[in-house]
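The values are calculated or read from the model by the stated rules, or taken from the named source; none is laboratory data. This is a predicted model, so every value here is computed, not measured. Counting neighbours? That spans all protein chains shown, and the Cβs are built from the backbone with ideal geometry, glycine included.
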Amino acid sequence: MSISFMVKKKCEAELSTLKKLVVNYEDEKPRKGKFQGFELGPAPVHRWGHYGVTYPDGAYEHMYDWYTDTLALAPWDIVYKDDKPITSFFHIDRGLEYTDHHAFFFKRVKPDYEPTVAHSAFETHDFDV
């Protein structure tokens, strides 16, 4: 089996055109009295955040083995119900290099539903877009 991934990195010039956002906090208000609007249009996506799918009853071990053996994803957290694993979160193991807590997860499909994409998340420049 052959699996390929495509990666497109943004160049520094492309990223530098985005305005640095100023955010207020409960104890700091650097944006006091200033409206921070956004431009209408597609959100500039920096990168994929995480992705998740559902699996049919009885397929947990098969899913777990495939994602750890074939894609070499590293388990990050496993959720149990009645001492049985039902949901797993994985990250991309890059050794000593930091990686996010999870890049992929799978969970059992709800009764009377077909397995599908659970959801996907992306890191964008501005959460208001």
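One line per residue, one yes/no per condition, for (1) part of a loop (DSSP other than H, G, I, E, B); (2) at pLDDT below 80:
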{"residue": "Lys9", "(1), (2)": "yes, yes"}
{"residue": "Tyr25", "(1), (2)": "yes, no"}
{"residue": "Glu61", "(1), (2)": "no, no"}
{"residue": "Ser88", "(1), (2)": "no, no"}
{"residue": "Leu96", "(1), (2)": "yes, no"}
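So that you can scan it fast, the table gives a plain yes or no per residue for (1) at pLDDT 90 or above; (2) surrounded by 15 or more Cβ atoms within 10 Å (Cβ to Cβ); (3) assigned to a loop (DSSP other than H, G, I, E, B):
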site: Tyr64; (1), (2), (3): yes, yes, no
site: Val79; (1), (2), (3): yes, no, no
site: Phe105; (1), (2), (3): yes, yes, no
site: Glu114; (1), (2), (3): yes, no, yes
site: Ala121; (1), (2), (3): no, no, no
site: Val129; (1), (2), (3): no, no, yes
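If Thr99 satisfies every condition in (1) surrounded by fewer than 12 Cβ atoms within 10 Å (Cβ to Cβ); (2) closer than 20 Å to His125 by Cα; (3) among the β-branched types (Val, Ile, Thr) but one, which is the exception?
All conditions are met except number (1).
If the Cβ limit is 8 Å and pairs must be 6+ apart or interchain, which residue in segment 28-46 that is farther than 13 Å from His125 by Cα pairs with which residue that is of a type in the set (S, T, N, Q) and at pLDDT 75 or above?
Correct list of pairs: Pro30/Asn24; Arg31/Asn24; Lys32/Asn24.
Provide a single number: the residues in segment 66-76 that are on the phi > 0 side of the Ramachandran plot and either in a strand (DSSP E or B) or in contact with a helix residue (DSSP H, G or I) (Cβ under 8 Å, 6 or more places away or on another chain) (or both).
0
Restricting to segment 30-62, count the residues that are more than 19 Å from Ala118 (Cα to Cα) and exposed (fewer than 12 other Cβ atoms within 10 Å of the Cβ).
10
For the structure I just gave you, tell me whether Asp57 is of a type in the set (Asp, Glu) and either over 19 Å from the mean Cα position of the chain (by Cα) or part of a helix (DSSP H, G or I) (or both).
The answer is yes for Asp57.
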